[in-house]
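Note sheet for the following structure.
The values are calculated or read from the model by the stated rules, or taken from the named source; none is laboratory data. Since this is a predicted model, take the numbers as computed values, not measurements. All Cβ positions, even for glycine, are placed from backbone atoms using ideal geometry, and neighbour counts span all protein chains on display.
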Amino acid sequence: MTAQTSAAESGVRGDDNGFTLRAPDGTSYRVDLTREVLSPANPLLAEACEGRRVVAFTGPTVDRLYGRQLRAYLDARFTPGTWSVHVLAGGEDRKRMETVEEICALAKSAGLDRGGVMLAVGGGVTCDLVGFAAAIYCRGVRYVKVNTTLVGQIDVGVGVKTGINALGTKNMLGAYHPPHASLNDPAFLRSLAPRDIRCGLGETAKMAIIKDARLFQALEECPQVFQRPYATPASLAEEGLGRRGVEDYVLRTSMRLMMEELCPNLREHDLARLVDFGHTFGPVMETASAYRIAHGESVAIDMALSSELARVLGLLDARDCERIVALIDALGLPVFDPETCTSELMDRALKASWERRGRRLHLVVPDGIGSAVFVDDLDDIPGAALQEALDTLAARARDASGAAPLTAAC
Ligand SMILES: NC(=O)c1ccc[n+]([C@@H]2O[C@H](COP(=O)([O-])OP(=O)(O)OC[C@H]3O[C@@H](n4cnc5c(N)ncnc54)[C@H](O)[C@@H]3O)[C@@H](O)[C@H]2O)c1
Ligand SMILES: O=C(CO)[C@@H](O)[C@H](O)[C@H](O)[C@H](O)COP(=O)(O)O
Ligand SMILES: [Zn+2]
């Protein structure tokens, strides 16, 4: 839907059940927060698909945990013979064109027509793959996503980006393809592995560091949110949090902040984007490590390096820098990786981002807790400054001594 929206009408509006985004270019979609999304008593997913033919895709883990419920829901709510479920091999290394072709071939053999729906039930890898397939299948079909990871619910699920890794580059190919519906049920987070929760907290910390000092403080006070219950901390007392308290606050605040940042620049006409924080050095680390480093972990290391760089350049005071790096550490995320945190690879990352962002660097660095600025050109970062930032984090990692090396990607 793209009838131009006036500036007054555009924006993000929240209610008890989610958020609605209306972009200035007229793009509009909703991200729903719901409970028991796969209970046949919950009409939301069925209403999103509007009785159309549905080809659903998920991954092996989600199918093992929720596949029976998903099929029972579709059986109860859809006409027999109008839906199918397909399980895609998981993992970042499968986020590539071959898998997109597999999705389209499965959709075609399932008889998906132009008016049909591609449904993704999974994390960011599944949603990025299915969303890109939906963007190109028959030149574009409806795309509905049920986000089952924390990264999915606060980031993948609230935007319009879809895509795959290609040409040796993270997210090199893709499309902007707004979802017809995007559904978040926090119950999915209860079965997430701790490493995947931590990856999601990396993207939450990204928004806290650049936009929201109170969210930052909540994460400082509750670093194991989504992993163990916390009484509502004093800093959030006036939020009047509901029964689910801190988790609801962190989830909803992260969703809102990301949608508010994306809304005015949904298709990235302006390449200076605060949400690129943690995504300059990170993508190159992910690729160079053959995805040993998960996305949320690369974001964490990038944020620590960008913060130390800001300190060295005099843009961030040492106390705030220490708070940021200490938070990343407290969330159980890495701040350094010996194999990939080399000045050569980091230099390569800077040049790749400079090229991709229109020959301007637009490196996002914090200048305080809850705010950030852009370092706009490569010349603004002397090699010695980058090396000093790397050395600081390397020393911290050595002092932490015995920190377990990152293992296979989640
Ligand atoms: N499109 C966007 O705007 C956007 C934004 C952020 C990240 N991303 C992309 O998302 C990807 C990372 O997403 P991710 O962190 O969700 O990784 P992921 O999709 O690989 O999921 C992580 C792991 O969790 C498992 N899993 C999924 N849901 C589960 C559940 N409910 N319970 C138990 N296990 C579950 C998966 O099988 C997988 O093993 C990266 O490729 C990144 O580039 C895209
Ligand atoms: O990882 C992603 C998007 O893939 C988000 O977390 C992130 O904030 C931004 O979208 C970044 O701009 C990264 O974008 P991209 O490299 O995936 O195009
Ligand atoms: Zn990201």
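Across region 168-176, not a single residue is classified as surrounded by 22 or more Cβ atoms within 10 Å (Cβ to Cβ), within 16 Å of ligand 2 (Cβ to nearest atom), more than 13 Å from the chain's Cα centre (by Cα) and under 30 Å from Gly111 (Cα atoms).
Condition (residue is assigned by the TED database to the domain that holds Asp367, under 23 Å from Gly278 (Cβ atoms) and within 11 Å of ligand 1 (Cβ to nearest atom)) applied to region 205-216: is it met by at least one residue? First the steps, then the outcome.
Let us first name the residues in region 205-216 that are assigned by the TED database to the domain that holds Asp367, namely 205-216.
Those still in the list that are under 23 Å from Gly278 (Cβ atoms) too: 205-216.
Imposing the further condition that a residue be within 11 Å of ligand 1 (Cβ to nearest atom) reduces the set to 206.
Within region 205-216, one or more residues are assigned by the TED database to the domain that holds Asp367, under 23 Å from Gly278 (Cβ atoms) and within 11 Å of ligand 1 (Cβ to nearest atom).
Screening region 271-362 for helices (runs of 4 or more DSSP H) wholly inside it with 2 or more residues that are modelled with pLDDT of 95 or more, within 21 Å of Ile154 (Cβ to Cβ) and of a type outside the set (Ser, Thr, Tyr) returns the ranges 282-288, 295-312, 318-330. Here Ala41 meets the list (1) assigned to a loop (DSSP other than H, G, I, E, B); (2) of a type in the set (A, V, I, L, M, F, W, C); (3) surrounded by 12 or more Cβ atoms within 10 Å (Cβ to Cβ) almost entirely, failing just condition (3).
The number of residues in region 217-249 being among the β-branched types (Val, Ile, Thr) and touching a Cys at 6+ places or on another chain (Cβ under 8 Å) comes to 1.
Within region 224-244, the residues that satisfy the criterion of being surrounded by fewer than 19 Cβ atoms within 10 Å (Cβ to Cβ) and part of a helix (DSSP H, G or I) are Ala234, Ser235, Ala237, Glu238, Glu239.
Assess whether Ala213 counts as being away from ligand 3 (no atom under 16 Å from the Cβ) and either of a type in the set (Gly, Ala, Ser) or free of Cβ contacts under 8 Å to residues at least 12 places away in the same chain (or both). Even if it seems obvious, please write down each step before you answer.
On the way: away from ligand 3 (no atom under 16 Å from the Cβ): yes; either of a type in the set (Gly, Ala, Ser) or free of Cβ contacts under 8 Å to residues at least 12 places away in the same chain (or both): yes.
So Ala213 fits the description; yes.
Within region 46-95, the set of residues being among the β-branched types (Val, Ile, Thr), surrounded by fewer than 21 Cβ atoms within 10 Å (Cβ to Cβ) and either outside the structural domain of Gly131 (by the TED database) or within 17 Å of Met118 (Cβ to Cβ) (or both) comprises Thr82, Val85, Val87.
Taken over region 163-175, the criterion of being at negative phi, more than 10 Å from ligand 1 (Cβ to nearest atom) and of a type outside the set (A, V, I, L, M) is satisfied by Thr169 alone. Within region 123-162, the set of residues being buried (at least 24 other Cβ atoms within 10 Å of the Cβ), of a type in the set (Ser, Thr, Tyr) and either in contact (Cβ under 8 Å) with a residue 40 or more places away in the chain or more than 7 Å from ligand 1 (Cβ to nearest atom) (or both) comprises Thr126, Tyr143, Thr148, Thr149.
Here Glu98 meets the list (1) more than 9 Å from ligand 1 (Cβ to nearest atom); (2) assigned to a helix (DSSP H, G or I); (3) buried (at least 23 other Cβ atoms within 10 Å of the Cβ) almost entirely, failing just condition (3). Pick from region 371-410 the residues that are at pLDDT 90 or above and part of a loop (DSSP other than H, G, I, E, B): which of them is farthest from Ile210 (Cα to Cα)? Restricting to residues being at pLDDT 90 or above and part of a loop (DSSP other than H, G, I, E, B), the top hit is Pro382.
Within region 205-227, the only residue that satisfies the criterion of being closer than 16 Å to Glu322 by Cα and basic (Lys, Arg) is Lys206.
Among the residues of region 231-254, are any within 15 Å of ligand 2 (Cβ to nearest atom), closer than 20 Å to Cys199 by Cβ and assigned by the TED database to the domain that holds Asp337? Spell out how you get there, then give the answer.
Let us first name the residues in region 231-254 that are within 15 Å of ligand 2 (Cβ to nearest atom), namely 254.
Imposing the further condition that a residue be closer than 20 Å to Cys199 by Cβ reduces the set to 254.
After this cut, where a residue has to be assigned by the TED database to the domain that holds Asp337 as well, the list is 254.
Looking through region 231-254, at least one residue is within 15 Å of ligand 2 (Cβ to nearest atom), closer than 20 Å to Cys199 by Cβ and assigned by the TED database to the domain that holds Asp337.
Within region 316-337, residues that are more than 17 Å from Asp302 (Cβ to Cβ) sit with their Cβ atoms under 8 Å from residues that are among the basic types (Lys, Arg) and buried (at least 20 other Cβ atoms within 10 Å of the Cβ), at 6+ positions apart or across chains, in these pairs: Asp317/Arg311; Ala318/Arg311.
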